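Step one of this worksheet: look at the structure below.
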Amino acid sequence: MIIQALAFYLFAAVTVASAVAVISVRNPVHSVLFLILAFFNSAGLFILLGAEFLAMILVVVYVGAVAVLFMFVVMMLDINFVELRQGFLQYLPIGALIGLILLVEILVMVGGWALSPEIASAVAAPTPAPETVTNTHALGELIYTRYVYLFQAAGIILLVAMIGAIVLTHRRRDGVRRQKVSEQIARRAEESATVRQVESGKGI
Amino acid sequence: MYTFAIFLPLLGAMVAGLLVFVGGEDEERRARMDRAAQWSTCGAMSLASIIAMFLFKEVALDGNPYTVELFTWIDSGALEVSWALKLDSLAVVMVLMVTVVSTMIHFYSIGYMHHDPSIPRFMSYLSLFTFFMLMLVTADNLIQLFFGWEGVGLVSYLLIGFWYDRPAANAAAIKAFVVNRVGDFGFMLGIFAVFVLFQSVNLDTIFSAAAGKADATIQVFGGEFHALTVIGLLLFVGAMGKSAQLGLHTWLPDAMEGPTPVSALIHAATMVTAGIFMVARLSPLFEYSETALTVITVVGATTAIFAATIGCVQNDIKRVIAYSTMSQLGYMFFALGVSAYSAGIFHLMTHAFFKALLFLGAGSVIHAMSDEQDMRRMGGIWKMIPVTYALMWIGSLALAGIWPFAGYYSKDTILEAAYAAGSGVGGYAFWMGITAAFLTAFYSWRLIIMTFHGAPRADERVMAHVHESPKVMILPLIVLAAGALFAGYLGFEYFVGSNAAEFWGNSILVLPGHDALENAHSVPLWVKYLPLVVAGAGIALAYVMYMFAPGLPAALASSFSAVHRFLLNKWYFDELYDLLFVRPAFYLGRNLWKTGDGAIIDGVGPDGLAAATLNLARRAAKLQTGYLYHYAFAMLIGVVSVVTWYLFTRAG
Amino acid sequence: MAAVPNLIPALPEIFLALTAMTLLMLGVFQKVDGDGQATARFVSYLAVIAFGLTILLVVTVGGGRKLTFDGMFITDFFGVFFKILVLIASALTLVISQGYLKVQGMARFEYPVLVMFATLGMMLMISANNLISLYLGLEMQSLALYVLASFQRDDMRSTEAGLKYFVLGALASGMLLYGSSLIYGFTGTTDFGAIAALFNSTAEGGPSVGVIIGLVFILAGLAFKVSAVPFHMWTPDVYEGAPTPVTAFFAVGPKLAAIALLLRVMIGPFGELAGQWQQIVAFISIASMVLGAFAAINQTNIKRMMAYSSIGNVGYVLIGLVVADEAGIRGVLIYMAIYLFMTLGAFTCILCMRRGGGMVEDIKDLAGLSRSHPMVALAMAIFMFSMAGIPPLAGFLGKLYIFMAAINAQLYTLAVIGVLSSVVGAFYYLRVIKVMYFDEPTDLLDRPVSREIGLVLAGSSLFVVLFVIYPLPLLAAAKAAAQALMGG
């Protein structure tokens, strides 16, 4: 038990610390690296909860794909982050004030945290005990039955995102030679090659 | 099914109205559109009038009045108004009359307006007018009545000003609109008063409650007045405006600036009778107020004689007929005033036929004389346009009330009823009516003789051009002439004779004691024959003065020059109004505008406020910097402040 | 194993989603000739037809209260009312877009497909009965709209508009999600019905602070979508920058859906807490009305002016929400229906503002419109008069119902501020009319106006003018919809 608690505090502390680092370090590449660290630690938290599938997905998708993509973008676009930060100090006092107020309010709110007895019974969709089914199986059972609507809606959202990305960036360029398999196969020798008698010393 | 009779004209108007926009520049395409507009409106009107005939048989002759609920219009508190058609005898008489006369005028317009550049617009207005008139006469509540009332007023404005490039037409249109507005204001106040008294504007509700409110009083300007009298007088002010009674009549002669079919349709046969119809429709209210009835009688009788005197000296052919219309409307009103409602409506119906006939005949003459309207430049054309000449005779005979023409039956009934009323005002009305009948006959034949007989006074170019109107104009005239001939004879028994009670059913209320019409059938013989005699005398005098001794009128005019000028200037009503209202209004307006509004109110109010507003506006716009993080900050600040506010108010 | 959920209530949505995907495939595999305009036009009209069919389906499925997908999806008469309005808005937007797309060289088939997906998102929002389905609908709609805003990708203003909308929208979504998670944390459920039941039973102690703060965050997220003050800042910039037909769509579609959602959330699960959120909404409403009225006065760009006008209109609508009884809701529904036609009509007029082949959008460019395009000027005048609330046009009646509801609920302050700000607002609406009719024209605008635009103009102006004569069907429908919401 104590090890679990220790692990939790370790992961949580590193997550928060690296999240702060993401927005505070000067070098954008370091920022992204800290972001990856935060992801890893979140995955660790998931493992502690027994949600190994989510942990792996987090690592594979966020670290393996998203963060690496971020890295590419950051390195390929030469953005002057110093310039972007110029207004930062100017707005720091008021930003800090707002953040502080919100923090205090949330603390007040959490301080008054009290679940009424009815709420315990109203907890949504109880998950099966982790020992009986695998993580993936449990997720699949819920996603494809109870939450099929949300699953499909999320799918459409991703489709829209894909269309959007293509609409905003894809340009048809002229003069690009594409591979058209059917045409290439259908070509015959006499269409593409002609035999000429070339006089020596003249050329065509 | 019968509802179509009401809405077909609207359909026609909409079709023709749309055609206005598709004409374009192309000559041939325009002509096609013109024809389409004419056919659609005339077709819709013909169908409507055929349906109206069946409707008339069903409702009036077979005695099956009913109400068609279309849909709820306003439902706000106590005010509940539906679109509904109240089809009883009174309404269907009007529907039949309006649709038939209107159809004839539609057809006539095809010929009369054939060289006008905006035919679809004209036809569309005509049909729209008819629709509003039908809405008016079939109204089941006062609001709908008012809707039709204002609708005809609006279209009348549009039609008087149809030739909007003529300043005179525009001025006349504005005048008609403004004068009517005065009347409408009274009408509106009347409706308000009705609502205050009855808590309803539904005719049936009002009528059934009227007897119970016979002695009710109403507070006006701090005084207690007999409620139904106040209502009656207010409503009558509205009727005076629309029906051009003395005081609010000045717009009607000027309205002759519109095209002649318009004069015939609106300013003779239908719209001006709206006032008569309204009083007859609201007979259950007017019956309880002797005062209101007396006022109506006096105003009607005075208008009858007043308009007749002016008619004797006018030289514009259409104005003569316009004044005769006013005079006849006066007859109808004093018939209403002595509780002979059915006689008034009877005269309204016959008058519609022969007055439309006269107007359209005059139009035919004007058409023949190359748009000349001054009778002093006509004459000697009766052989050249014999059909028009004959039709004008029929119309004039009917107007003068010569047996057996339609006017004889209705006008005699009215005069007899006035005599039989036995009251002082009844007697006044009777004698005024007799005098007016004499003058009517006189100016009618003055018109005929000046227009058709004597030496030609037009120039040769015009005379060479005189021709009979095309068939499409003459045929409607013949139909109307048939009406002028037979409508009186056919309608007499139903409208005012022995079948009257069952014919009218519940649509008109006459209290016991108000039995002028009953007694009218038993008046002394001299009363019955006097109108005929004076009409004959009038005709004779006209022949003497204008045919046999043509110098006489000029001699009379010069020896009684003051009287002649007084009549020629229409009793100086226009000048009086100009002095009393128009100029002070202009003066007041200019002063209020320059000093009151410009210096005082604008300086302090709008300009000051506007400056403050603009200042605020500039500040508000400045918040919009365009920087993304400002916007994000604004949102965060918004959320945080709302949360903070909430926490504090909840804690405190 | 759970049984297959009942798909019938969601039939219109399923149909729309499938059609959108089919049209996407159609567009992709269509042989491209030239710049793909023909394909875009073809797909657009198919989409319009699809919207029409969806309306039919919505009507067929009907207004009976039905839950499906484990209670996440609800259909009732309230939903039917709003879905029909949204579908009409989308269809009309596509119709009026055609000319613009062609002129600006942005006619691509993705445009109608994105509009369809946005519409699908709106329908999901309207039918949401769970915080998660609410969020997914909102995101689907928003994502499509972000793309649409920057659809004119070679235009700086358009891309800037898209970016601004995206960043701020993400922030708003974040707030919404944060609020939702607070609610979930404090109630243990995301289902609207369960939340409502919870508040019903724990009425005595009052809800915990956390719930209210969560509610505030949700309110903020939704207020962003309807562009209510102080979450409105994006509106003028995005309206100005986005392509005009997209702006027209922004001004009606998302507004309708977000207002529907706002009503559904506030009256449904949080109806018991009305006393808690009424003050907040009242504040937002007043701020929106006042800012909308004042800030619009100085605008020179007509799209910007319309942006402030829409902010002001949202203020009026929120009065109805503050009233929070059946009359108030009915007022909102009527107002939204009228607002749809007025706004779309006004934007259609703006779409007619072309000169020398390009679009112009300054108010002063309207000078002399009465001479060059008398019918367009007349229609625009009708819409402006209606927005200014001149009787007897529809806009007046819409305002009337809202203000009457406020007065009946004794919310006099709101009603008075509403009336005052609509007086101020009348100033800039009437200025447009003054420019059109009385200012000397500089250069006349291009003629002619395309047929589809003429039809939309004629239809919507007739609606605005004739509404007063036969308002009953809309009134009855709004009443039934309001009852469905209040009763459910």
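Rule-based calculations on the coordinates, nothing more; no lab input. Only a predicted model underlies this, so the values are computations on that prediction, with no experimental measurement involved. Cβ placement follows ideal geometry from the backbone for every residue including glycine, while neighbour counts extend to all protein chains displayed.
Can you work out D for region C:257-365 in µm² s⁻¹ from Stokes-Einstein, where Rh is the Kirkwood radius over C-alpha pairs, the temperature is 37 °C and the viscosity is 0.692 mPa s?
It comes out at roughly 214 µm²/s.
Scale the Cα Rg of chain C by the rule-of-thumb value 2.2 N^0.38 Å and send over the ratio, two decimals.
0.93
Rounded to whole Hz and in sequence order, give me ³J(HN,Hα) for region C:387-404 from the Karplus expression 6.51 cos²θ - 1.76 cosθ + 1.60, θ = phi - 60°, writing x for Gly and Pro.
These are the phi-based 3J(HN,Hα) values: 5, 6, x, 8, x, x, 6, 4, x, 4, 5, x, 4, 4, 4, 5, 5, 4 Hz.
Scan around C:Asn130 for amide H atoms under 5 Å from its own, H built in the peptide plane at 1.01 Å from N, and keep only partners 5 or more places away or cross-chain.
Here the answer is C:Phe192, since their amide H atoms fall under 5 Å of that of C:Asn130.
Which residue, chosen from C:Ala274, B:Phe346, B:Phe129, occupies the Cα position most advanced towards the positive end of the dipole of the protein assembly as shown, where the dipole is computed from +1 (Lys, Arg) and -1 (Asp, Glu) charges on Cβ about the Cα centre?
B:Phe129
Around B:Trp83, under 10 Å between beta carbons, what's the net of Lys plus Arg minus Asp minus Glu among the other residues?
Combined, the nearby Lys, Arg, Asp and Glu give -2.
Does region C:109-176 come out rounded, prolate or oblate, given a ≥ b ≥ c as the square roots of the eigenvalues of its C-alpha gyration tensor, rounded meaning a/c under 1.5 and, failing that, prolate meaning a/b above b/c?
oblate
Amide H of B:Asn141 versus every other amide H placed in the peptide plane: which residues, excluding those fewer than 5 positions away on the same chain, fall under 5 Å?
Amide H neighbours of B:Asn141, under 5 Å, 5+ apart: B:Leu203.
So what does log10 I(q)/I(0) come out to for the protein assembly as shown at q = 0.07, 0.08, 0.09 Å⁻¹, using the Debye formula with one equal point on every Cα and no solvent?
For the protein assembly as shown at q = 0.07, 0.08, 0.09 Å⁻¹, log10 I(q)/I(0) is -0.86, -1.01, -1.17.
I'd like the orientation of helix C:274-295 relative to chain C: the angle between its Cα long axis and the longest Cα principal axis, in ° from 0 to 90, rounded to 10.
10
Quick one: putting +1 on the C-beta of Lys and Arg, -1 on the C-beta of Asp and Glu, what dipole do you get for the protein assembly as shown around its Cα centre, in Debye to the nearest 20?
The calculated dipole for the protein assembly as shown is roughly 2540 debye.
Sorted by average packing, counted as other Cβ atoms within 10 angstrom per residue and highest first, what order do C:136-144, B:448-456, B:130-138 take?
Ranking the peptides C:136-144, B:448-456, B:130-138 by packing returns B:130-138, C:136-144, B:448-456.
If packing is taken as the average count of other Cβ atoms within 10 Å, what order do C:95-103, B:229-237, C:404-412 fall into, highest mean first?
B:229-237, C:95-103, C:404-412
Which one of B:Leu233, B:Phe566, B:Ala168 has its Cα pushed farthest toward the positive end of the charge dipole of region B:4-568, where Lys and Arg give +1 and Asp and Glu give -1 at the Cβ?
B:Phe566
Determine the alpha carbon to alpha carbon distance for each of C:Lys225/C:Lys303; C:Lys255/C:Lys434; B:Lys213/B:Lys411; B:Lys318/B:Lys411 and list only those over 25 Å.
Too far apart for the 25 Å limit: C:Lys255/C:Lys434; B:Lys213/B:Lys411.
Quote the charge dipole size of region C:394-488 about the Cα centre in Debye, to the nearest 20; the model charges only the Cβ of Lys and Arg (+1) and of Asp and Glu (-1).
Charge dipole of region C:394-488: 360 debye, to the nearest 20.
Straight-line reach from B:Lys570: which aspartates and glutamates have Cα under 15 Å away, leaving out those fewer than 8 places along the same chain?
B:Asp254, B:Asp316, B:Asp578
Classify region C:42-190 as rounded, prolate or oblate, taking a ≥ b ≥ c as the square roots of the eigenvalues of its Cα gyration tensor: rounded when a/c is under 1.5, otherwise prolate if a/b is larger than b/c and oblate if not.
Note, shape of region C:42-190 comes out oblate.
Order by neighbour count: B:Met547, B:Met432, fewest other Cβ atoms within 10 Å first, most last.
B:Met547, B:Met432
How large is the charge dipole for region B:367-456, taken about the Cα centre, if only the Cβ atoms of Lys, Arg (+1) and Asp, Glu (-1) carry charge, to the nearest 20 debye?
200
Work out the charge dipole of the protein assembly as shown with +1 on the Cβ of Lys and Arg and -1 on the Cβ of Asp and Glu about the Cα centre, then indicate which of B:His465, B:Gly258, C:Val61 is farthest towards its positive end.
My answer, from the dipole projection, is B:His465.
Under 19 Å Cα to Cα from C:Lys102, which lysines show up? Leave out anything in the same chain fewer than 8 places away.
Partners found: C:Lys31.
Going by C-beta contacts inside 10 Å, put B:Leu265, B:Leu475, B:Leu532 in order with the fewest on the left.
B:Leu475, B:Leu532, B:Leu265
Among the lysines, which have Cα under 20 Å from the Cα of B:Lys383 when same-chain residues fewer than 8 positions away are ignored?
The reachable lysines, counting only those whose Cα sits under 20 Å from B:Lys383, are B:Lys471.
Apply the Karplus curve 6.51 cos²θ - 1.76 cosθ + 1.60, θ = phi - 60°, to the phi angles in region B:119-126 and return the couplings in whole Hz, x for Gly and Pro.
Here the 3J(HN,Hα) series is 5, x, 4, 4, 5, 5, 4, 4 Hz.
Scattering from the C-alpha atoms of region B:4-568 alone, worked out with Debye: what is log10 I(q)/I(0) at q = 0.07 1/Å?
After summing over all Cα pairs, the log10 values are -0.37.
Within 15 Å, Cβ to Cβ, of C:Val332, how many net charges do the neighbouring residues add up to if Lys/Arg are +1 and Asp/Glu are -1?
Summing Lys and Arg as +1 and Asp and Glu as -1 gives +3.
In what order do B:His267, A:His170 fall by count of nearby beta-carbon atoms within 10 Å, going from fewest to most?
Exposure proxy ranking, most exposed first: A:His170, B:His267.
Looking at region C:146-269, I'd like the Rg to Rh ratio, where Rg is from alpha-carbon atoms and Rh is Kirkwood's inverse mean 1/r.
1.09
Assign one of three labels to region B:434-498, namely rounded, prolate or oblate, based on the Cα gyration tensor with a ≥ b ≥ c the square roots of its eigenvalues; rounded applies when a/c is under 1.5, prolate when it is not and a/b is larger than b/c, and oblate otherwise.
Oblate.
Whole-Hz Karplus ³J(HN,Hα) for region C:226-242, in order, using 6.51 cos²θ - 1.76 cosθ + 1.60 and θ = phi - 60°, x for Gly and Pro?
Using θ = phi - 60°, the values come out as 8, 6, 9, 5, x, 10, 9, 4, 5, 4, x, 5, 5, 4, 6, x, 5 Hz.
Quick one: helix B:227-242 against the long Cα principal axis of chain B, what's the angle to the nearest 10°, folded into 0 to 90?
70
What does the charge add up to near B:Phe198, with Lys and Arg as +1, Asp and Glu as -1, over the other residues with Cβ less than 14 Å from its Cβ?
-1
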